[in-house]
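Novice: Dropping a structure here in structure tokens format, bear with me for questions.
Every read-out reported here was derived from the displayed coordinates using simple, explicitly stated rules and does not represent laboratory data. All figures in this text were calculated on a predicted structure; none of them were measured in a lab. All Cβ positions, even for glycine, are placed from backbone atoms using ideal geometry, and neighbour counts span all protein chains on display.
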Amino acid sequence: MKLLAFLLLSLYIFYVKSEACDKPEPDTDYCLRVCYKTNNTVCANNGICYSHFYNMCVLSNKNCHCIEHKLPVFKFISKGPCVNPTLRRCLNPPVTPPPPASSRG
């Protein structure tokens with residue numbers, strides 16, 4: 001019974017740590033480079049999960065956040081959405097560019 005509790009706790013800790021890089025926003029302005037809103041979707045993975053990014057600039061912002069927090073960075077796989085990924089999809093969406101000023105409320 002103790003072994004089962006230990007295994008469940010270990011899996012939970014691993015899962016929580018692996019999702020830490022899925023935060024939707026970087027913590028510092030240093031990582032929030034302004035990205036043009038060109039839709040050049042790319043597929044990337046960090047060895048734990050995969051995600052679609054709006055463009056390479058958004059992927060760079062995400063990796064800056066990951067590096068600051070000593071988390072696995074996302075590696076570019078292909079242009080376009082991920083096709084037949086071997087890893088699970090990351091739970092939270094990656095950083096996306098802010099909406100144009102005219103659509104802000």
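Novice: Of everything in the stretch 71-86, what is more than 13 Å from the chain's Cα centre (by Cα) and either without any contact (Cβ under 8 Å) to a residue 40 or more places away in the chain or more than 20 Å from N40 (Cβ to Cβ) (or both)? Give them in sequence order.
Specialist: Within the stretch 71-86, the subset more than 13 Å from the chain's Cα centre (by Cα) is 77-86.
Passing the criteria: I77, S78, K79, G80, C82, N84, T86.
Every residue, every condition in (1) in a helix (DSSP H, G or I); (2) crowded, with 19+ Cβ neighbours inside 10 Å, yes or no:
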{"residue": "R33", "(1), (2)": "no, no"}
{"residue": "K37", "(1), (2)": "no, no"}
{"residue": "N40", "(1), (2)": "no, no"}
{"residue": "A44", "(1), (2)": "no, yes"}
{"residue": "S51", "(1), (2)": "no, yes"}
{"residue": "L59", "(1), (2)": "yes, yes"}
{"residue": "H65", "(1), (2)": "yes, yes"}
